[in-house]
Amino acid sequence: MLGLKDELLKQTGLMFVGTGLFNLFNLLYHLFMIRVLPPTDYGHLNTLVSLFLVISVPSGTVQNTVARFFSSFRVQSQYHRATELLRRFLLLMVIVTLSFFLLIIVMSSHISSFLQISSRGLVILFGLSLVFSMILPVLWGGLQGLKKFGFLTLSLISNSGLKLVFGILFIFLGLGIFGAMSAVAVSYFVTLILSSFMVGVSLHREKTAAIAERIPENSPPSNFSEVYHYSFSAGFVLLCFMVLTNIDLILVKHFFTPIEAGYYSIAQMVGKVILILPIPVVTVMFPHLFSSGDQEKKTRSILERNLRIAVFVCGGAVLCSLIFPSPIIKALSGEVYPQCLPLVGMFAVNMTFFSLTLILLYYHLSTPRRGFLYPLFLFTLMEVGLILVFHKTLVQVLIVVGIVAFCSALTNFYLVYRPYQQRERN
């Protein structure tokens, strides 16, 4: 039997491999699209992907909520409640996604005009991709809560791998940017079917094992008020974080020319790579924090280990970005765009601060304290407001984002450690 530390290490290693491949395939998808699509078309694609992330926040909320309560239900052998929770959220997300899809169809001309995208069809295809992508995290949350990280890894790899394969295929068939967006829709649909099977198999095995070990299923009357209350906090956090890390691209697409927005999108790829570095440890850490009860020293030890890893990895990435901006842009796009060079290092620094903020926000969500929500909301409004006022150049936009990112990370450090230090003195 593995101890908790060994189990965490094994699962974290597995998720590093899975998330690494997931991000690698996503990166290869973007690298391929950067090389085969004109900068203007890639700017369209990257803007839709950023908008995709912001609108998908409800699904990320559901994944965190399902993972959190599935973990609790699993420990208490409440498989009936776990199944009911899964069904409720699947139904909820079907209703939400179809509503979004209809709204996008109705507003497609306005959306395409605001983002300076000439084709309404591309916006509608984006909406269809959104339908599948917002349902899938419900199933990912179930796998995460059940600690089936092998299945979760397979699902993640399938999703990004299929997107890459279909993206290449559709581009070679001459579909252009429509092919790139179609690959996103197809990959999410296939992964949705695969993940449904995985969750069903996992739940059946858990129930069978509990029956074999004569573990009684403790199923009190279903009351999901705690679930809904927690989901509000998680949703608010994800919404603010997605706005903080994506709204600059959307506003740049609106205020600047398509070619300038394309250069900004190419440079932003460096920031995206850095931002996803802490995802594996956060994915494994999250369900374990809730199964640790109120052992604050234990949870803070996990937090500090994750922060050290993030500082080490992101710090190395920042150093490389500052020293070798030209080779990085060359590797990303196949060509050195001089307009991108001043932006690369700034993106790397900004996303490092946001990476640290992300780890701290997940830690906050594992505690009953919710005071961190107020400054998070304030920083989100601050970034949007400052970019609306200060957007004369792309560098000016990145300076605004950097100031907000630094202040956000510093504030969350204070909010994590200040209460603990006060208790230590008492």
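The values are calculated or read from the model by the stated rules, or taken from the named source; none is laboratory data. Note that the structure is predicted; figures quoted are calculated from it, not measured. Here the Cβ positions follow ideal geometry from the backbone for every residue, glycine too, while neighbour counts run over all protein chains shown.
One table, with the values for the structure above:
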item	result
Qualifying residue in the stretch 79-102 (condition: at pLDDT 85 or above and over 30 Å from G145 (Cβ atoms))	yes
Residue in the stretch 362-400 that is nearest to T257 (Cα to Cα), counting only those that are assigned to a helix (DSSP H, G or I) and free of Cβ contacts under 8 Å to residues at least 12 places away in the same chain	Q396
Residue in the stretch 406-421 that is under 19 Å from the mean Cα position of the chain (by Cα) and either free of Cβ contacts under 8 Å to residues at least 40 places away in the same chain or surrounded by fewer than 21 Cβ atoms within 10 Å (Cβ to Cβ) (or both) present	yes
S301 more than 23 Å from the chain's Cα centre (by Cα), under 14 Å from V416 (Cβ atoms) and not assigned by TED's automatic domain parsing to the domain that holds A67	yes
P338 being farther than 24 Å from I250 by Cα, without any contact (Cβ under 8 Å) to a residue 60 or more places away in the chain and assigned by TED's automatic domain parsing to the domain that holds M269	no
Residue among S133, S160, S129, S72 that is of a type in the set (S, T, N, Q) and over 22 Å from M33 (Cβ atoms)	S72
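Residue-by-condition table, conditions (1) more than 30 Å from Q116 (Cβ to Cβ); (2) in the same structural domain as A405 (by TED's automatic domain parsing); (3) in a helix (DSSP H, G or I); (4) modelled with pLDDT under 80:
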| site | (1), (2), (3), (4) |
| --- | --- |
| V252 | no, yes, yes, no |
| M285 | yes, yes, yes, yes |
| K330 | no, yes, yes, yes |
| V344 | no, yes, yes, no |
